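**Student:** Sending over a structure as structure tokens; questions will come in a sec.
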Amino acid sequence: MASKKPGNNMNALYKAKSNNKPAKLTDWKNEPTFSDLEADRTNSLHFQTRNRENLLKYEEIRKGGKEIDKIKPGKSTTRPKLVRKQNEYKYAALEDAILGTQDLFDIRGVGPEDEASAKQNQVLLNYQFRHKIRIDKLIEEIVRTNVDEGSVICKVGWKTEYGIGIEQEERPVYASAEESYYMMQQMVESGQMTQEEMQAMIEVGEPMQKGTEIVDVEVEKLIVNHPTIEVRNSANIVIDTTCEGDIEKAQFLIEEYPVCIAELKKEEYVEEEVDVEVVGADGAVTIKKEIKSRGIYKNLEFIDENIEEYQYSEYHGESARNSKMTGKSRIKLKAYDYWGFWDINDDGTTVPIVATWVGGILVRLEKNPFGHGKIPYVIAKYMPVKREVMGEPDAVLLEENQEAVGKTTRAIQDIMALDAVNQEFIDETFFPSPVERENYRLGKTVFFRSGMNPKTAIHKNNVNPVNPIALQWIGSQIADAEAMSGTTLNNNSVNGISVNAQKRIDSSNSKRDASILRRITSMLVDAARLIIAMNAEFVSEEEVVRNTNQEYVKINRDDLSGAHDITIDIQTPETNNAIAQDLAMVLQTGQQTMSPELSKKIWARILKLKGQYDLSREFEQYVPQPDPKQQELLDMQIEEQRLKIEKAKKDIEEVDSRIHERISRVVENEKDVENKQSQNLLRQQQAAESAARTRKLEEEADMLAQNFVDHTTGAKRVRELEDRELDREDRLKEKLDDADIEMTKQEMMLRIKQLEAQLSGASNKKGE
């Protein structure tokens with residue numbers, strides 16, 4: 001990627017070139033030299049030496065162990081690949097557990113203010129791993145390397161590439177001199193321009209714009225911009241041995257890799273003068289000269305690719321001379337990347353830096369280009385070793401078992417080969433001539449001496465059966481290997497192991513696999529944290545990505561910052577099936593009381609556990625449609641209730657109007673003292689009449705509400721109707737004043753509101 005550039009003294013660079021001497025690469029007060037950085041490598045070289053020896057040993061074990069001495073002809077040279085078979089079974093189990101989920105990462109905000117950025121990061125990160133990093137291929141390489149070598153080291157970086165693209169641009173079209181003259185004349189005649197302005201334009205030769213046109217323009221465009229994760233060859237890596245097994249505490253990490261001069265020149269540091277358009281405050285565009293730089297490597301001309309010491313060879317010792325490229329610029333050289341911390345300001349504090357040297361020449365030196373400021377490498381151990389950076393594979397545990405199986409197998413083969421020669425012992429007087437002896441060898445008809453019995457004249461050696469103890473020994477060694485590795489090569493019990501004992505073994509194996517998976521996923525989480533920091537710095541300001549629901553989501557770079565918790569959900573087929581069975585049991589037992597919404601969620605979860613992600617998503621989004629006939633009947637019932645409620649409202653309004661009318665009349669006649677008693681009596685009668693009608697409406701409204709509830713809920717209840725012809729005059733003998741009437745009105749209005757609420761609930765139920 002295009003890195004951030006440190007301060008550079010170009011005069012010093014040119015001066016160094018003129019003196020035929022590598023230039024100082026930075027303006028740091030305390031710039032490390034090649035000797036300083038090389039000293040870190042050589043001081044920790046024993047780490048690399050031991051690791052390379054172990055890797056060679058592990059590879060030999062996977063091939064079946066040491067090659068068999070072939071001095072004695074006819075002896076078996078079989079090397080059973082017990083470790084290799086164990087590994088092949090382990091690959092699939094670990095890969096499926098990691099890749100068994102649709103989204104690898106689940107990201108949550110540490111606080112409520114981080115939830116929005118967590119969702120953005122989750123969508124972006126899962127998209128990058130699926131489509132840019134290719135998670136399936138990456139996981140396969142991680143798992144196989146980890147199982148085979150005992151450790152896996154990955155480098156987390158960023159890839160940026162620019163290319164030439166075509167964009168459409170609107171540009172002005174200018175008239176010819178003659179056309180410009182006639183256009184200016186017309187503008188003078190129309191008053192848009194004075195004669196003096198026209199004359200001035202003619203003198204400077206400024207043409208007139210007569211329109212615009214759309215043209216294709218070649219522009220430099222960003223075509224690749226995404227994070228990368230690469231599995232690196234641990235044999236070529238040196239790590240600070242003072243970190244005591246924790247790479248996070250390492251002060252440096254150095255990686256060796258092959259490179260040719262031609263590849264370095266693609267990223268050679270150059271400065272060039274370019275024209276830049278500057279728009280002023282008045283809108284005027286001016287051209288300004290600016291110096292722009294690109295590339296990261298310097299001092300390439302001082303590298304001597306002919307020195308054999310600097311030429312690259314694989315760690316297993318195969319010389320690069322055997323496959324040397326032709327052409328000076330194509331010779332593979334040893335390059336070293338140094339990622340670490342250095343006191344560049346000479347003030348006692350370290351700063352994260354990166355350096356590169358080739359052939360003893362320092363060609364790159366700058367601050368760490370990544371904002372996180374960490375060594376961009378992550379590691380997972382298969383079997384951790386206390387205070388060691390590198391782990392161990394199953395080959396360490398199974399070496400002796402494999403050797404025992406190999407020796408026993410070769411012994412059995414040698415014995416069987418010796419016994420199975422099928423030697424014949426023939427009486428020399430049996431054949432009358434050499435011709436008959438040859439006919440016997442060829443399987444032709446043979447004439448033998450008279451009086452001799454072929455059964456006694458020819459004796460064949462019998463094959464002895466293999467001692468069953470040898471086969472039992474091989475079986476015990478395989479069983480022991482399976483117990484240690486946690487990988488069973490078949491489903492049958494070994495050596496009479498009971499079903500319960502086998503279940504305990506399977507449970508123990510699952511726990512061991514889970515611990516291995518936790519270490520791998522922990523490494524992936526560390527890588528994810530580095531990528532999240534890089535995304536906030538390098539990703540495009542706005543990107544549109546597709547999530548697993550096939551929805552397009554807009555990602556804003558400014559919204560990615562925050563504090564997040566990152567987890568990876570590991571799912572094995574065994575655990576998924578167990579959870580699915582438990583959920584199915586919940587559905588079965590709680591079917592009668594469970595809400596449809598909860599039932600739908602459980603079914604969607606079961607389908608997801610079975611790997612049916614598309615069907616699960618469709619199930620979650622499914623909304624059942626009501627039966628058209630039932631819906632029509634419900635609509636009619638609701639409309640009927642609504643009309644009755646409206647009628648009740650009108651009746652109340654009519655009663656209210658009559659009450660007020662009669663009360664007004666009584667008030668007008670209250671001045672007449674003589675009629676006061678009769679007026680009071682009239683008011684009592686009116687109040688009784690109003691109360692009777694109001695109570696009748698209330699009873700009818702109650703019945704309507706109950707019928708509505710019965711219809712909507714489906715309840716079957718038998719209700720006795722009260723006799724509406726009962727004499728209510730006895731209940732109304734007490735005196736009713738205006739306050740009683742008003743209270744009755746309020747109660748009726750409350751009942752109407754309750755009925756309206758029930759009607760609204762029925763409408764909502766219809767919508768559902």
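The values are calculated or read from the model by the stated rules, or taken from the named source; none is laboratory data. Source: prediction; values computed, not measured. Cβ coordinates were reconstructed from backbone atoms using ideal geometry, including for glycine residues, and neighbour counts include every protein chain displayed.
**Student:** Just checking, which of VAL231, VAL224, VAL238, VAL259 is farther than 30 Å from ARG519 by Cα, modelled with pLDDT of 85 or more and within 31 Å of the chain's Cα centre (by Cα)? Reasoning before the result, please.
**Tutor:** Working: VAL231 fails: farther than 30 Å from ARG519 by Cα; VAL238 fails: farther than 30 Å from ARG519 by Cα; VAL259 fails: within 31 Å of the chain's Cα centre (by Cα).
Only one candidate passes the filter, namely VAL224.
**Student:** So which residues in segment 368-385 are assigned to a strand (DSSP E or B) and either crowded, with 19+ Cβ neighbours inside 10 Å or among the aromatic types (Phe, Trp, Tyr) (or both)? Steps first, answer last, please.
**Tutor:** Just the residues of segment 368-385 that are assigned to a strand (DSSP E or B), to begin with: 377-381, 383.
Answer for segment 368-385, where residues must be assigned to a strand (DSSP E or B) and either crowded, with 19+ Cβ neighbours inside 10 Å or among the aromatic types (Phe, Trp, Tyr) (or both): TYR377, VAL378, ILE379, ALA380, LYS381.
**Student:** Being modelled with pLDDT under 90 and part of a strand (DSSP E or B) narrows it down to one of GLY165, GLY157, so name that one. Don't jump to the end; show me each part of the working.
**Tutor:** Values: GLY157 fails: modelled with pLDDT under 90.
One residue alone meets the criteria, GLY165.
**Student:** From the set of residues in segment 168-192 that are acidic (Asp, Glu) and part of a strand (DSSP E or B), which is surrounded by the fewest Cβ atoms within 10 Å (Cβ to Cβ)? Even if it seems obvious, please write down each step before you answer.
**Tutor:** First, pick out the residues of segment 168-192 that are acidic (Asp, Glu): 169-170, 178-179, 189.
Now drop any that are not part of a strand (DSSP E or B), which leaves 169-170.
Working: GLU169: 11, GLU170: 8.
Here the residue is GLU170.
**Student:** On to the next question. Please verify whether segment 193-216 includes one or more residues that are assigned to a strand (DSSP E or B), among the polar types (S, T, N, Q) and on the phi < 0 side of the Ramachandran plot. Quick ask: steps written out before the conclusion?
**Tutor:** Just the residues of segment 193-216 that are assigned to a strand (DSSP E or B), to begin with: 209-216.
Still in the list and also among the polar types (S, T, N, Q): 209, 212.
When the remaining residues are screened for being on the phi < 0 side of the Ramachandran plot, the result is 209, 212.
Yes, that holds for at least one residue.
**Student:** Right, next: May I ask you to list the residues in segment 109-154 that are of a type in the set (A, V, I, L, M), in a helix (DSSP H, G or I) and more than 12 Å from the chain's Cα centre (by Cα)?
**Tutor:** Of all residues in segment 109-154, those of a type in the set (A, V, I, L, M) come to 110, 116, 118, 123-125, 133, 135, 138-139, 142-143, 147, 152-153.
Filter once more, keeping what is in a helix (DSSP H, G or I): 116, 118, 123-125, 135, 138-139, 142-143, 147.
ALA116, ALA118, ILE142, VAL143, VAL147 - these are the residues of segment 109-154 that are of a type in the set (A, V, I, L, M), in a helix (DSSP H, G or I) and more than 12 Å from the chain's Cα centre (by Cα).
**Student:** Still on this structure, I have one more. Given the conditions (1) crowded, with 17+ Cβ neighbours inside 10 Å; (2) not in a loop (DSSP other than H, G, I, E, B), and given that ASP96 satisfies all but one, which numbered condition is not satisfied?
**Tutor:** (1)
**Student:** Could you check how many residues of segment 196-226 are in contact with a helix residue (DSSP H, G or I) (Cβ under 6 Å, 6 or more places away or on another chain) and under 28 Å from GLU178 (Cα atoms)?
**Tutor:** Start the filter on segment 196-226 by keeping residues that are in contact with a helix residue (DSSP H, G or I) (Cβ under 6 Å, 6 or more places away or on another chain), which leaves 198, 207-208, 226.
With under 28 Å from GLU178 (Cα atoms) added as a condition, the list becomes 198, 207-208.
So the count comes out to 3.
**Student:** For segment 386-472, which fully contained helices (runs of 4 or more DSSP H) count at least 2 residues that are of a type in the set (A, V, I, L, M) and at pLDDT 85 or above? Reasoning before the result, please.
**Tutor:** Details: elements: 395-419, 434-442, 454-457.
Here the list reads 395-419, 434-442.
**Student:** What are the pairs, 6+ residues apart or on separate chains, where a residue within segment 568-593 that is within 25 Å of ALA514 (Cα to Cα) has its Cβ under 6 Å from a residue that is at pLDDT below 70?
**Tutor:** ASN576/LEU609; ILE579/LEU609; ALA580/LEU609
**Student:** A further question on this structure: Take GLU189 and tell me if it is without any contact (Cβ under 8 Å) to a residue 40 or more places away in the chain and acidic (Asp, Glu). Steps first, please.
**Tutor:** On the way: without any contact (Cβ under 8 Å) to a residue 40 or more places away in the chain: yes; acidic (Asp, Glu): yes.
Spelling it out, GLU189 is indeed without any contact (Cβ under 8 Å) to a residue 40 or more places away in the chain and acidic (Asp, Glu).
**Student:** Here is a follow-up. Here are some residues: THR212, THR228. Which one is hydroxyl-bearing (Ser, Thr, Tyr) and surrounded by fewer than 16 Cβ atoms within 10 Å (Cβ to Cβ)? Write out each step before concluding.
**Tutor:** Working: THR228 fails: surrounded by fewer than 16 Cβ atoms within 10 Å (Cβ to Cβ).
On inspection, the qualifying residue turns out to be THR212.
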